[in-house]
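K.L.:
My structure is below; once you've seen it, I'll send some questions.
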Amino acid sequence: MGNLCKIKNKGDMSFNKRKLGKYDLEIVPLIFGGNVFGWTLDKVGSFAILDAFMDRGFDTIDTANNYSHWVQGHVGGESETIIGQWLQERGNRDKVILMTKVGGRFNYAEKPNVKGAYILEHVDHSLKRLQTDYIDLYQTHYDNEETPVEETLRAYEELIKQGKVRYIGASNINPERLVESIDVAEEKNLPRYISLQPEYNLFDRAKYENLYKNIALEKQLGVIPYYSLASGFLSGKYRSAEDFTKYTRGEGIVKKYWNARGQRILEALDEVANAYNTSPSAIALAWLLAQETITAPIASATKESHIQSFVESLQLRLSEETLNKLNEASRY
């Protein structure tokens, strides 16, 4: 099926960058997902994994202002705080593409909030936690359809004028509101979303491919999917009942993914990974990178060894035969 060329010297690692949408923001096409900071990784572990990520030639980190509010005793903002401390201690802000989000809930009783005043207030909280004066990509985390899209875009316009934000993107937003937001932006000469962050991976294909893919093509959006490894399921680490009880997300994984289709996907990943002498994670990420609309998958890691799959995914070129095998195994 093909060969994987290993990079021998860690210090020589460099990857071709991709533009995010049709604009000038260029990134190494694998983004670190910061939901683990302050959750499954403490400050020391977070610093170590971020150092390892950057040492291997990557440059982009994604988080949100409300991570990790779901952890008992947390209020949200813990992930941004750790990233900000790391940026300050390393003095490397100019080497990092920093993405965060606004609008999501800080507790389960709240609704998403994309009102203009709310965005203008919360960007300053994020900047303070991140210990920076600008955010490269500021994203609507969750939309609230009660708020006119123009109000949200006017707030982003103000932030861009102030230099606090460079570009804007959207994550959890329905297709109609996404199109409306872009059309209103172009009609009224307001900032427009340059990226979309949907849930998309080898298992979770239908929603993106049926509802969003054509919009991404037509509107020239960069697509940076989250849950690229299906919360770790596609790494292959969940193989038995014991595995589902051993890991933090095990209960949710077994309910959603451990079925005939999920097992068929894992079997195909194992076969392809063996053929390419790499890991199932690297193959799952390489499959995403081979999809027409995808700029860069978002993936998390809790051990330095996990980052090797990120490296290998960017070195792989999956054959048409391989892609067809994976597409067939994950057919829905």
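K.L.:
Kindly check whether there is at least one residue in segment 211-224 that is part of a loop (DSSP other than H, G, I, E, B) and either among the aromatic types (Phe, Trp, Tyr) or under 15 Å from the mean Cα position of the chain (by Cα) (or both).
P.N.:
First, the residues of segment 211-224 that are part of a loop (DSSP other than H, G, I, E, B): 219-221, 224.
Checking the rest, the ones that are also either among the aromatic types (Phe, Trp, Tyr) or under 15 Å from the mean Cα position of the chain (by Cα) (or both) come to 221, 224.
The answer is yes; a qualifying residue exists.
K.L.:
So in segment 14-36, with the set limited to residues that are among the hydrophobic types (A, V, I, L, M, F, W, C) and out of contact with any Phe, Trp or Tyr (no Cβ under 7 Å at 6 or more places or on another chain), which one is farthest from residue 73 (Cα to Cα)? Explain how you work it out, then say what you get.
P.N.:
Restricting attention to segment 14-36, the residues satisfying the condition of being among the hydrophobic types (A, V, I, L, M, F, W, C) are 15, 20, 25, 27-28, 30-32, 36.
From what is left, the residues that are out of contact with any Phe, Trp or Tyr (no Cβ under 7 Å at 6 or more places or on another chain) are 15, 20, 27, 31, 36.
Numbers: 15: 39, 20: 36, 27: 35, 31: 28, 36: 16 Å.
Here the answer is 15.
K.L.:
A further question follows. Has segment 175-183 got at least one residue that is surrounded by fewer than 17 Cβ atoms within 10 Å (Cβ to Cβ), more than 22 Å from the chain's Cα centre (by Cα) and closer than 22 Å to residue 24 by Cα?
P.N.:
Yes; the residues of segment 175-183 include at least one that is surrounded by fewer than 17 Cβ atoms within 10 Å (Cβ to Cβ), more than 22 Å from the chain's Cα centre (by Cα) and closer than 22 Å to residue 24 by Cα.
K.L.:
Inside segment 23-74, can you point out the residues that are of a type in the set (Asp, Glu) and either over 15 Å from the mean Cα position of the chain (by Cα) or not in a loop (DSSP other than H, G, I, E, B) (or both)? First the steps, then the outcome.
P.N.:
Of segment 23-74, the ones of a type in the set (Asp, Glu) are 24, 26, 42, 51, 55, 59, 62.
Within segment 23-74, 24, 26, 42, 51, 55, 62 qualify.
K.L.:
If residue 331 meets every condition in (1) exposed (fewer than 14 other Cβ atoms within 10 Å of the Cβ); (2) of a type outside the set (S, T, N, Q); (3) part of a helix (DSSP H, G or I); (4) modelled with pLDDT of 95 or more apart from one, which number is that one?
P.N.:
Residue 331 satisfies every listed condition except (3).
K.L.:
While we're on this one: From the list 94, 59, exactly one residue is among the acidic types (Asp, Glu), surrounded by fewer than 18 Cβ atoms within 10 Å (Cβ to Cβ) and at pLDDT 95 or above. Which is it?
P.N.:
Details: 59 fails: surrounded by fewer than 18 Cβ atoms within 10 Å (Cβ to Cβ).
That would be 94, the only listed residue that is among the acidic types (Asp, Glu), surrounded by fewer than 18 Cβ atoms within 10 Å (Cβ to Cβ) and at pLDDT 95 or above.
K.L.:
In addition: Just checking, does segment 65-72 include any residue being of a type in the set (Val, Ile, Thr) and either under 20 Å from residue 300 (Cα atoms) or at pLDDT 95 or above (or both)? Can you show your working first?
P.N.:
Of all residues in segment 65-72, those of a type in the set (Val, Ile, Thr) come to 71.
Then drop every residue that is not either under 20 Å from residue 300 (Cα atoms) or at pLDDT 95 or above (or both), which leaves 71.
So far as segment 65-72 goes, yes, one or more of its residues are of a type in the set (Val, Ile, Thr) and either under 20 Å from residue 300 (Cα atoms) or at pLDDT 95 or above (or both).
K.L.:
When residue 312 is evaluated against the numbered criteria (1) closer than 25 Å to residue 171 by Cα; (2) of a type outside the set (Lys, Arg); (3) buried (at least 22 other Cβ atoms within 10 Å of the Cβ), which criterion, by number, is the only one it fails?
P.N.:
Answer for residue 312: the failing condition is (1).
K.L.:
Then there is this: With respect to the numbered conditions (1) among the charged types (D, E, K, R); (2) under 15 Å from the mean Cα position of the chain (by Cα); (3) closer than 20 Å to residue 23 by Cβ, which one is the sole condition not fulfilled by residue 204?
P.N.:
Unmet condition: (3).
K.L.:
Quickly run through segment 281-318 and pick out the residues that are among the aliphatic types (A, V, I, L, M) and assigned to a helix (DSSP H, G or I).
P.N.:
Of the residues in segment 281-318, the ones among the aliphatic types (A, V, I, L, M) are 282-286, 288-290, 294, 296, 298-299, 301, 307, 311, 314, 316, 318.
Listed by number, the residues that qualify are 282, 283, 284, 285, 286, 288, 289, 307, 311, 314.
K.L.:
Can you find a residue in segment 20-37 that is at pLDDT below 95 and basic (Lys, Arg)?
P.N.:
Yes: one or more hits.
K.L.:
Mind counting the residues in segment 23-76 that are aliphatic (A, V, I, L, M) and farther than 23 Å from residue 313 by Cα? Steps first, please.
P.N.:
Taking segment 23-76 as the starting set, the residues that turn out to be aliphatic (A, V, I, L, M) are 25, 27-28, 30-31, 36, 41, 44, 48-50, 52, 54, 61, 64, 71, 75.
Retained after the next criterion (residues that are farther than 23 Å from residue 313 by Cα): 41, 44, 64, 71, 75.
Counting residues in segment 23-76 that are aliphatic (A, V, I, L, M) and farther than 23 Å from residue 313 by Cα gives 5.
K.L.:
Hey, another quick one. Quick check, is residue 87 out of contact with any His (no Cβ under 8 Å at 6 or more places or on another chain), buried (at least 17 other Cβ atoms within 10 Å of the Cβ), farther than 27 Å from residue 153 by Cβ and modelled with pLDDT of 95 or more? Outline the logic, then answer.
P.N.:
Values: out of contact with any His (no Cβ under 8 Å at 6 or more places or on another chain): yes; buried (at least 17 other Cβ atoms within 10 Å of the Cβ): yes; farther than 27 Å from residue 153 by Cβ: yes; modelled with pLDDT of 95 or more: yes.
Here the answer is yes, as residue 87 does meet what is asked.
K.L.:
If I filter segment 79-92 for residues that are touching a Phe, Trp or Tyr at 6+ places or on another chain (Cβ under 6 Å) and aromatic (Phe, Trp, Tyr), do I get at least one hit? If you could, list the steps in order and put the result at the bottom.
P.N.:
Taking segment 79-92 as the starting set, the residues that turn out to be touching a Phe, Trp or Tyr at 6+ places or on another chain (Cβ under 6 Å) are 79, 82, 86.
Within this subset, residues satisfying the condition of being aromatic (Phe, Trp, Tyr) are 86.
Scanning segment 79-92 turns up at least one residue that is touching a Phe, Trp or Tyr at 6+ places or on another chain (Cβ under 6 Å) and aromatic (Phe, Trp, Tyr).
K.L.:
Given the condition small (Gly, Ala, Ser), within 26 Å of residue 32 (Cβ to Cβ), touching a Gly at 6+ places or on another chain (Cβ under 8 Å) and assigned to a loop (DSSP other than H, G, I, E, B), answer yes or no: does some residue in segment 271-280 qualify?
P.N.:
yes
K.L.:
Filter segment 268-282 down to the residues that are of a type outside the set (Gly, Ala, Ser) and within 13 Å of residue 203 (Cβ to Cβ) and list them by number. Before you say what the answer is, go through the steps one by one.
P.N.:
Taking segment 268-282 first, the residues of a type outside the set (Gly, Ala, Ser) are 269-272, 274, 276-278, 280.
The answer is 269, 280.
K.L.:
Among the residues of segment 232-248, are any buried (at least 22 other Cβ atoms within 10 Å of the Cβ) and either among the basic types (Lys, Arg) or in contact (Cβ under 8 Å) with a residue 60 or more places away in the chain (or both)?
P.N.:
no
K.L.:
Tell me yes or no: at least one residue of segment 101-109 is of a type in the set (S, T, N, Q) and at pLDDT 95 or above. Break it down stepwise before answering.
P.N.:
Within segment 101-109, the first condition is being of a type in the set (S, T, N, Q), and the residues that meet it are 107.
After this cut, where a residue has to be at pLDDT 95 or above as well, the list is none.
For segment 101-109, residues of a type in the set (S, T, N, Q) and at pLDDT 95 or above: absent.
K.L.:
Within segment 85-130, how many residues turn out to be touching a Ser or Thr at 6+ places or on another chain (Cβ under 8 Å) and either part of a helix (DSSP H, G or I) or more than 19 Å from residue 170 (Cα to Cα) (or both)?
P.N.:
9
The values are calculated or read from the model by the stated rules, or taken from the named source; none is laboratory data. Remember, predicted model here, so these are calculated numbers, not experimental data. Neighbour counts run over all protein chains shown; Cβ positions are idealised from the backbone, glycine included.
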